[in-house]
Amino acid sequence: MRPFKYTSTNSTSDATNLLVKNPNAHFLAGGTNLIDLMKEDVERPDELIDLTRLDLTSVSAITTGLNNGGVTIGAVGKNTDAANHQLIRQNFPLLTKAILAGASAQIRNMATNGGNLLQRTRCSYFYDTAMPCNKRSPGTGCAAKEGINRMHAIFGWSEDCVAVYPSDMAIALSALDANVKVMQADGKIRSIPIQDFHRLPGNHPEKDNNLNRGDLITSIEIPKNKFAAHSAYVKVRDRNSYAFALVSVAAGLELDGNKIVSAHISMGGVAHKPWRALKSEAFLKGKAATTANFKAAAEAEMVDAKTLSHNKFKVDLGKNTIVSALEIALRGTDSKA
Amino acid sequence: MEEKNKSIGKAVNRIDGILKITGKATYATDYPAKNMAFAVIFKSTIAAGTITNIDTTLAEKAKGVLTVITHKNAPKLNEKGGIRGGALLQSPEILFYGQNIGVVVAETFEQATHAAHLIKVDYQKKEGKTDFEKLAPSAATPKGKELADLVRGDAKGTLNTAAIKVEEIYETPIEHHHPMEPHSTIAVWEDDKVILYNGSQIINGAQTAAAETLNLKPEQVRIVSPFIGGGFGSKGGQWANLILTAVAAKAISRPVKLALTRQQMFNSVGLRQQNIQKISLGATKEGKLISLAHETTTQTAIDNEFLEPCGDCSKIMYEVPNSLISYKVAPMNIILPTYTRGPGKSTGSFALESAMDELAHKLKMDPIELRLKNEPQKDPSNGKPWSSRKTVECLKEGAKAFGWEKRKPTPGTNKIGDDLIGYGVACGTYPARQRDSSAIVKLTKSGANVLATVEIAASDLGTGTNTILAQTAADGLGISLEYITVKLGDSNLPPAAGSVGSVGAASFANAVNDACTKITDELLVKSGKQFFVRPTAYQLMVSENISEFQTRVDAKAPKEADQYSAHSFNANFAEVRVNALTGMVKVTRFLAVTGAGKILNPKTARSQIIGGNIWGIGMALSEESVIDPRWGNFATRSFGDYHVPSNLDVGKLDAMFINEDDKIPNKMGVKGIGEVGIVGVAAAIANAIFNATGKRIRKLPTTPDKLI
Ligand SMILES: Cc1cc2nc3c(=O)[nH]c(=O)nc-3n(C[C@H](O)[C@H](O)[C@H](O)COP(=O)(O)OP(=O)(O)OC[C@H]3O[C@@H](n4cnc5c(N)ncnc54)[C@H](O)[C@@H]3O)c2cc1C
Ligand code: SF4
């Protein structure tokens, strides 16, 4: 690990000012991703600005405005606390399920909600500084495109990068249409819809998201919805715990009897960002909640998949996982997976 | 001694358990040394070629750096001294990706790590041999004689005449040992002698290899290794990191600590090679085997040969008149493969026991019945009688305990919700051997008590060797456990075999037992008296009022052992649940039934077996190291990519032992259990997956993509 300076503050404006002052400074939250990357010499900050003393840890109900009835989650709060908060367990159990499907208890106890959104890809070439990687070193090429790309994208990838975004939490947030609240370097607050938060790789895979330098995530807001009774998070992975998704699906159904009023479906492990399965959603709207319809909906989304040499299986797996998540959601949030 | 007073055979807690859970057990890097410096290895980023320039200027100038050692300034070492895998900085030539190319030594680990990042290396690259799939067709006959073709009768000819045939290819990936404790060493020089604190499965082997490589005499090298955080074969032989620590310490005339990182473990300390195994079985309509061929194609390092003997189980498991066991090997630019838990048997049994399941399915016969039908009365490979073989009991009692009768013979018919349920069985075996070991027993009278110290250069991988040796001494001397001290893990102690190939318990315990018998004999002589009932050493020390007494033995296996075929045998039963939509597998129940001679301590023995089972679950479901052939590097670089089983992958595990009184392989009747616990496990699980889903897995690991 390279030598670095450590700074800590309890003021959000200090934090952003410090960051803007030093172009090589990084925010530090739980450190579960950033410190790993520093050890691997992938991230090379010379200063860390610790955010964990900021007063941005609470989870609370939103009682006014546009998102009335929703919940706001502090960016510096721990993943564990968000997952287990009563408001979230009751109103947004999908988020609880997704967070608890990620990492391990120890890591979730350290990891923060803001840090989780910003975790970087797990592409092993990105981690290996001896390998070409456009995301780590723009212009060097993409080792994964013709390489070991079993874990990689089937939607929205570019010639420059085929990586997938690894967060589970964000897949649920995407299905829940969350907004990410950011304090800019100039002190202004901006709200970014989760669908616009992360980027597809395009020609600039080094940019994971649409934050600007100095932006500090302060909270995540989830608007009120009617999915609580019928939601599911299904994560398919190489072992039953403590592995990143091959494919994951967050699904929420709003039902009127057996009729689907609205369905929200987001996929993980398939793209450089949470992948909203809009074609599946459109297909299901107004239809009966049947296995046949679930299958047809999954088909509608997956026809557009573009596979790489080692990840062809993700097409069928993606379909099955959508169906599985919808079946479980239909049976009810508390039914066993 | 009365059976009920005996310590052997009881589920005694580990005598070092408290030390371990309180962090007081001293593993290799836990030794304090004054003025210690820290070394970090850096590695090649090509698989084949030559280093043309290595620029260490920035690193040498970095804060805290004491020295940088590369092939340009490393001392001349003996590369044939017995260190595995080369990479001793003796030349600029690169033979595999991740070969050691230098060591940075600094005041702190962090400084050394940082400086290692500042080193610039230029290479002249050569085309490497890195793609096993492409190289496998041109694999050649191995040089090692023990892996020459073994031919009985005419396997290929009779196969053609068989009523029922199975001819399939089974593939297993590269696996890594990844013990919890990465390989690490502290080297402390005193004049021309060096102490190496270093996890070593074979204490004397490590001593000899280090001495010869460093051009020293064995007595100039001391290995200290009382506690080891696992090894699974990777600490059986020693690797360059041990030597480079000694070299670094010598270079700066200070103690040096060098611990490999988890990432470095992928190309520093061997691996289990990738195997392509072709099994051809021919049987009569009644299910009698008439032909068995087991042909293995595998890989090795470019400059050195190591193969695990995948055909070993096939040599002895079944009565079959025509048999062929053969090997082909492709040299590659990879680190030298090495012994890995159940070497050859865990992978070989996956192939053989999957094929047997396929045969049973074709015959519409219960797979247990098929095995019982082909049970050999003597060792089919050499005609020797078995010292004992309890496969039949393992299968029958296991079936009863597991509820085998609930298995639905037709695959895919046992369903609960989205889950498919399946049962599988597979057998396994591992040789039982005693190897030369010496031991000293020292007795000291202390008031009304007699204190005993047992000294032996044995090693304890974490398996409980300490504890079983204390139990052995307690019974052999008539002294209760709390008055016994076991000293092991130090090359200054009497030389012993290693904790490898399941020889540890038999070799060490028999040496200690012999020493106890001998010291009692000598005390009897010293007393000059005759007794009706043979007194214990304890009684003699007390009655004759002897304050101190000691003896030493050099124990050997009984001569007759050679005339028999001695092995442990097991039967493994697996129940799996496979999600029909996602392809995720969970091993909900697993039972291993083992006939392994005398079980010295059922508690530590159970841990050994279920530990082997858990690695077998990993082997069946998730463990795989993947090489990117374009560079020859591992694309799986951490525990994030190399998936050892998590708790959720492991259901209810049970270990049962079949009572076996077999004094042929050694006087104590100990057969060893370290290796056999993993043998047959992957096949039992793969067979259960077939029973659940109707999908036959012939390529491990069984990740979800293979089942959807
Ligand atoms: C072994 C392992 C397994 C894992 N498995 C999973 C898994 O299965 N699923 C999953 O979803 N995740 C998994 N994770 C990832 C884990 O969830 C993330 O590491 C964690 O959420 C990151 O949070 P953190 O607070 O530690 O972030 P840090 O590492 O502290 O920071 C990450 C990045 O976010 C920036 N940052 C942090 N907070 C803010 C803020 N408020 N505003 C602006 N920038 C900020 C930092 O500068 C940094 O660049 C795993 C991690 C590990 C180590
Ligand atoms: S997929 Fe993206 S992260 Fe991976 S190597 Fe290619 S550019 Fe780098």
*Based on the mean of other Cβ atoms within 10 Å per residue, sort peptides B:677-688, B:232-243, A:25-36, B:438-449 so the most packed one is first.*
B:677-688, B:232-243, A:25-36, B:438-449
*Sort B:SER607, B:SER349, B:SER387, B:SER314 so that the residue with the fewest other Cβ atoms within 10 Å of its own Cβ comes first and the one with the most comes last.*
B:SER607, B:SER387, B:SER314, B:SER349
*If eta is 1.306 mPa s and T is 10 °C, what Stokes-Einstein diffusion coefficient results for the range B:442-554, Kirkwood Rh from Cα pairs, in µm²/s?*
111
*Kirkwood-Stokes translational diffusion coefficient of the range A:231-331, alpha-carbon pairs, 25 °C, 0.890 mPa s, µm²/s*: 182
*Among A:ASN22, A:THR12, A:LEU34, flag the residue with its Cα farthest along the positive direction of the charge dipole of the range A:5-53, charges on Cβ as +1 for Lys/Arg and -1 for Asp/Glu.*
A:THR12
*Across the residues of A:120-130, average count of Cβ atoms on other protein chains within 10 Å?*
4
_Burial ordering of A:LYS207, B:LYS667, fewest other beta-carbon atoms within 10 Å first_ = A:LYS207, B:LYS667
*What average number of partner chain Cβ atoms lie no more than 10 Å from the Cβ of the residues making up B:635-643?*
5
*Could you pull out every one of the aspartates and glutamates with an alpha carbon less than 13 Å from that of A:LYS39, ignoring same-chain neighbours closer than 8 positions?*
A:ASP128, B:GLU110
*asked:* For the ranges A:117-125, B:398-406, what's the packing order if you count other beta-carbon atoms within 10 Å of each residue, average per peptide, and put the highest first?
replied: A:117-125, B:398-406
*With helices defined as uninterrupted DSSP H runs, which ones in chain A have an alpha carbon span along their own long axis of at least 15 Å and mean Kyte-Doolittle hydropathy of at least -1.0?*
A:291-302, A:313-331
*In this model, which of B:LYS285/B:LYS384; A:LYS97/A:LYS287; B:LYS278/B:LYS699; B:LYS373/B:LYS598; B:LYS362/B:LYS406 are farther than 18 Å apart at the alpha-carbon?*
B:LYS285/B:LYS384; A:LYS97/A:LYS287; B:LYS373/B:LYS598; B:LYS362/B:LYS406
*asked:* As I understand it, the dipole of the range B:46-130 uses +1 on the Cβ of Lys and Arg and -1 on the Cβ of Asp and Glu, about the Cα centre. Which of B:VAL65, B:GLN90, B:ILE101 lies farthest toward its positive end?
replied: B:GLN90
*Would you mind working out the magnitude of the charge dipole of the protein assembly as shown relative to its Cα centre, with +1 at each Lys and Arg C-beta and -1 at each Asp and Glu C-beta, to the nearest 20 Debye?*
1020
*Send over the Kirkwood Rh of the range B:129-168, from the inverse of the averaged 1/r over different Cα pairs, rounded to one decimal Å.*
13.5
_Residue-wise HN-Hα coupling along the range B:553-570, computed from phi with Karplus coefficients 6.51, -1.76, 1.60 (Hz; x: Gly, Pro)_ = 10, 10, 8, 10, 5, x, 4, 5, 3, 4, 7, 10, 9, 10, 8, 7, 9, 9
*Where both partners of a DSSP beta bridge lie in chain B, what percent of those bridges are antiparallel, to the nearest 5?*
75
*Could you work out how far apart the two model spin labels at B:ASN5 and A:TYR6 are, taking each label as a point 7 Å from the Cα in the direction of the beta carbon, and quote it in nm?*
6.0
*asked:* How shielded is A:227-235 by partner chains, expressed as the average number of their Cβ atoms within 10 Å of its Cβ atoms?
replied: 1
*Extension reserve of the B:ASN647-B:LEU19 stretch, reckoned as 0.36 nm per residue once the Cα distance is removed*: 223.6 nm
_What distance in nm lies between label points placed 7 Å from Cα along the C-beta direction at B:HIS71 and B:GLU393?_
5.7
*Give the Debye-formula value of log10 I(q)/I(0) at each listed q (0.19, 0.21 Å⁻¹), with one equal scatterer per alpha carbon of the range B:92-237, two decimals each.*
-1.37, -1.39
*Starting from the coordinates of the alpha-carbon atoms of the range A:113-197, obtain the Kirkwood hydrodynamic radius over all distinct pairs and give the value in Å to one decimal.*
14.6
*asked:* Run the reach check for B:LYS706 against lysines, Cα to Cα strictly under 17 Å, same-chain hits fewer than 8 apart removed. What comes back?
replied: A:LYS235, A:LYS312, A:LYS314, A:LYS319, B:LYS586, B:LYS695
*Listed residues B:ALA497, B:ALA555, B:THR465: farthest to the positive end of the dipole of the range B:434-556 (Cβ charges)*: B:ALA555
*Could you give the alpha-carbon Rg of the range A:5-53 over 2.2 N^0.38 Å, rounded to two decimals?*
1.08
*With charges set only on the Cβ (+1 for Lys and Arg, -1 for Asp and Glu), what does the dipole of chain B come to about its Cα centre, in debye to the nearest 20?*
460
*What spacing in nm lies between the two simple spin-label points modelled at A:LYS207 and A:SER58, each 7 Å away from Cα in the Cβ direction?*
3.5
*asked:* What would the Debye equation give as log₁₀ I(q)/I(0) for chain B at q = 0.07, 0.08 Å⁻¹, counting only Cα atoms as equal point scatterers?
replied: -0.50, -0.66
*Exposure proxy check: B:VAL500, A:VAL42 ranked by fewest other beta carbons within 10 Å?*
A:VAL42, B:VAL500
*Once every Cα of chain A carries one equal point scatterer and solvent is ignored, give the base-10 log of I(q)/I(0) from the Debye formula at q = 0.07, 0.08, 0.12 Å⁻¹, two decimals.*
-0.27, -0.36, -0.83
*Determine the percent antiparallel among the DSSP beta bridges restricted to chain A, to the nearest 5.*
85
*asked:* With the cut-off at 28 Å, tell me which of the pairs B:LYS193/B:LYS235; B:LYS120/B:LYS193; B:LYS34/B:LYS63 have Cα atoms farther apart than that.
replied: B:LYS120/B:LYS193
*By per-residue mean of other Cβ atoms within 10 Å, what is the highest-first order of A:271-283, B:179-191, A:314-326?*
A:314-326, A:271-283, B:179-191
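Taken together, the values in this text are just the output of simple stated rules run on the coordinates, not laboratory data. Bear in mind the structure is a predicted one, so any value in this text is a computation, not a measurement. As a convention, Cβ positions derive from the backbone with ideal geometry for all residues, glycine included, and neighbour counts pool all protein chains shown.
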